[in-house]
1. When you go through Ile251, Ile263, Ile255 one by one, which is the residue that is more than 21 Å from Ala63 (Cα to Cα) and crowded, with 22+ Cβ neighbours inside 10 Å?
2. From the residues in region 43-63 that are in a helix (DSSP H, G or I) and touching a helix residue (DSSP H, G or I) at 6+ places or on another chain (Cβ under 6 Å), which one is surrounded by the most Cβ atoms within 10 Å (Cβ to Cβ)?
3. Counting only residues that are away from the ligand (no atom under 16 Å from the Cβ) and not charged (D, E, K, R), how many does region 224-250 have?
4. Mind checking which residues of region 277-335 are away from the ligand (no atom under 14 Å from the Cβ) and polar (S, T, N, Q)?
5. Of the residues in region 192-218, how many are over 27 Å from Ala96 (Cβ atoms) and touching an Asp or Glu at 6+ places or on another chain (Cβ under 9 Å)?
6. Which one of Ala192, Ala199, Ala168 is closer than 20 Å to Gly119 by Cα and not in a helix (DSSP H, G or I)?
7. Within region 149-165, restricting attention to residues that are farther than 17 Å from Asn114 by Cα and in contact with a Phe, Trp or Tyr (Cβ under 7 Å, 6 or more places away or on another chain), which residue is surrounded by the most Cβ atoms within 10 Å (Cβ to Cβ)?
8. Being surrounded by 24 or more Cβ atoms within 10 Å (Cβ to Cβ), polar (S, T, N, Q) and within 12 Å of the chain's Cα centre (by Cα) is the filter here; which residues of region 96-122 pass it?
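The values are calculated or read from the model by the stated rules, or taken from the named source; none is laboratory data. Owing to the predicted nature of the structure, the values given are computational and were not obtained by experimental measurement. Backbone-built Cβ (ideal geometry, glycine too); neighbour counts: all protein chains shown.
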Amino acid sequence: MNNFDRYAHIIGWGTSVPKKVVSNQELSEMVDTTDEWIESRTGIKQRYIADNTETTASLGLKASKNALDVANISPKDLDLIIVATCTPEHNFPSTASIIQDKLGATRAGAFDMNAACTGFVYALSVANQMIRSGAFNTILIVGSETLSKIVNWEDRSTCVLFGDGAGAIVLQEKNQPGGILTSVLRSDGSGADLLKVPAGGSAMPATNHTVENNLHAITMNGREVFRFATRVMADACNKVVQQADMTLDDIDFIIPHQANKRIIETAARNLNLPLDKFIMNLDTHGNTSAASIPLALCEAISNQQIKDKHNIIFVAFGGGLSWGATLVSWDMTHTKPVNQIWHKLRRQALYGFAKIRSTIRRSTRKIEGILLKDDSTDIDKT
Ligand code: UT7
């Protein structure tokens, strides 16, 4: 098979959200806002908010396990794990490495990708190229965020918008045409200041001042981001269908980044498409950044909205400024029956072994460190 016969198909998907749901009403008891304002300006009614035990890696891990169940593959089949996130577990190591360890994906490379809310679309595009080039066969892509941990809970203009959650998909090489068809990726860094977390990076390392002044939290010029979003959504959709030699008539659904219902309505008007072609779940989830498209995709699959051979556009925008779109031809021939209980039990066992393996490796490293301490001092002396 030459590389021209390689196509990247979505063969598995899964989600995970925190246990706690916070309604608009509850938020109105914390900041000066109302249920009516939030719903009428954004379409959001509630969002999931992580507790102290729920993190970007733990949500991403659960979503990944669910995606591997649907794909019915072993974690050892994974060649690569990409986590799209702007709220990573740490600056480094990557959240992807933490998920790789906990899955026991011992053959996989792992890295994080930060294109803010456009992260999932960027990750899909990169993974597609890696599969089509012949470099990798099976890639896990996770969009996972805990934005509640970087929100200023006293700033009503941002804290009402965001939520936490994770969605994951498995992409695998197949020789039948279809799957990820084409992508458009764009950036305009002149708008970098419109949506950002000012401190915590090399430009403004953490100090008492940054903590006292809430500079580790999201700041946003909402109106400007709104204007930018309405401009680029339609443009990216038009470009991605042109690249695939299709027209908008060929598109069955658009799954947009779930930031604001009014942005999606404007995009629908600009594209001259009915709103029911747009999958939306921001009423229940709020804006979950890089997780929002896979969360909406999984909900649409479980509602049986998405059918075999549907053409679907994923379109996103966000901090950077960044934006992009990916066109997918949905192909059910590669999804196996879900309830393969023995395979599931085997995967559970592998996760158990992964935990033991990780513990042994950590302990071995510690013991080696103690035993080799004198030797390394000798090396230093030479
Ligand atoms: O994932 C990508 C990142 N983010 C986005 O996509 C967000 C894009 N922007 C938006 O969705 C909208 O701009 C917002 C929802 C953030 C704001 O809606 P808006 O219609 O653009 O409101 P605005 O910023 O023009 O503010 C209107 C008024 C202001 O009061 P004044 O100055 O007119 O008296 C705000 O202070 O609404 C006020 N306001 C609020 N009032 C009640 C802002 N936030 C709130 C709030 N509750 N939570």
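1. Ile263
2. So in region 43-63, the residues in a helix (DSSP H, G or I) come out as 56-63.
Filter once more, keeping what is touching a helix residue (DSSP H, G or I) at 6+ places or on another chain (Cβ under 6 Å): 56-57, 60-61.
Working: Thr56: 29, Ala57: 26, Gly60: 33, Leu61: 24.
Going through the qualifying residues, I end up with Gly60.
3. 10
4. Asn281, Thr284, Ser302, Asn303, Gln304, Gln305, Asn311, Thr326, Ser329, Thr333, Thr335
5. 2
6. Working: Ala192 fails: not in a helix (DSSP H, G or I); Ala199 fails: closer than 20 Å to Gly119 by Cα.
Result: Ala168 is the single residue among Ala192, Ala199, Ala168 that is closer than 20 Å to Gly119 by Cα and not in a helix (DSSP H, G or I).
7. The extreme case among them is Gly163.
8. Selection gives Thr118 alone.
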